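Chemist: Sharing a structure with you now.
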Amino acid sequence: MVDVVLMQGFAGFMWLLSMALILFSGFALIDAATRREDAYRAADKQSKPFWLIILGLAFVVNLIFNILSFLPIIGLIATIVYMVDVRPAIKSLPGGGRSRKGGSSSDGPYGPWNGGR
């Protein structure tokens, strides 16, 4: 009887851990998708499509495979690398690597450029 309760508790813990990994990799994937392509180059990191593919694979692997498999661990490592290395480098850029809303192509860092008028 005790071993059944322990196994159910372990299965519940593993399910929670699996859900946490799915949420973590999903957050990283959405965050990578919302950053500008040029921010990755400016931060001297791999390209945006590279990180979208890696993080997308990590998300799918976390959905499909059991947490005790080695593939979700590889996906977790890739997600951690993005979150602790790439994301802070991109966020440290002016604008945080996010798309600008409502600006024109003639806008400079301090407002619109008016040609010296």
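The values are calculated or read from the model by the stated rules, or taken from the named source; none is laboratory data. It should be emphasised that the depicted structure is a prediction, and the values quoted were computed from it without experimental measurement. Note that each Cβ is placed from the backbone with ideal geometry, even for glycine, and that neighbours are counted across all protein chains shown. The area values use the complete protein model at the heavy-atom level, side chains included, leaving out ligands, DNA and RNA. Shrake-Rupley method; radii C 1.70, N 1.55, O 1.52, S 1.80 Å.
Chemist: Taking interchain pairs and intrachain pairs at least six residues apart, which have beta carbon atoms under 6 angstrom, with the first residue in the stretch 1-21 and under 26 Å from G75 (Cβ atoms) and the second of a type in the set (V, I, T) and surrounded by 10 or more Cβ atoms within 10 Å (Cβ to Cβ)?
Modeler: M14/I67; L17/I67; S18/I67
Chemist: What number of residues within the stretch 22-38 satisfy the criterion of being farther than 19 Å from L76 by Cβ, assigned to a helix (DSSP H, G or I) and among the charged types (D, E, K, R)?
Modeler: 2
Chemist: Within the stretch 40-76, track down each residue that is farther than 19 Å from M19 by Cβ and of a type in the set (A, V, I, L, M, F, W, C).
Modeler: A42, A43, F50, W51, L52, I53, I54, F70
Chemist: Check whether at least one residue in the stretch 9-32 is among the aromatic types (F, W, Y), open to solvent by less than 60 Å² (accessible area, probe 1.4 Å) and either modelled with pLDDT under 90 or within 12 Å of the chain's Cα centre (by Cα) (or both), and report yes or no.
Modeler: No, the conditions are met nowhere in the stretch 9-32.
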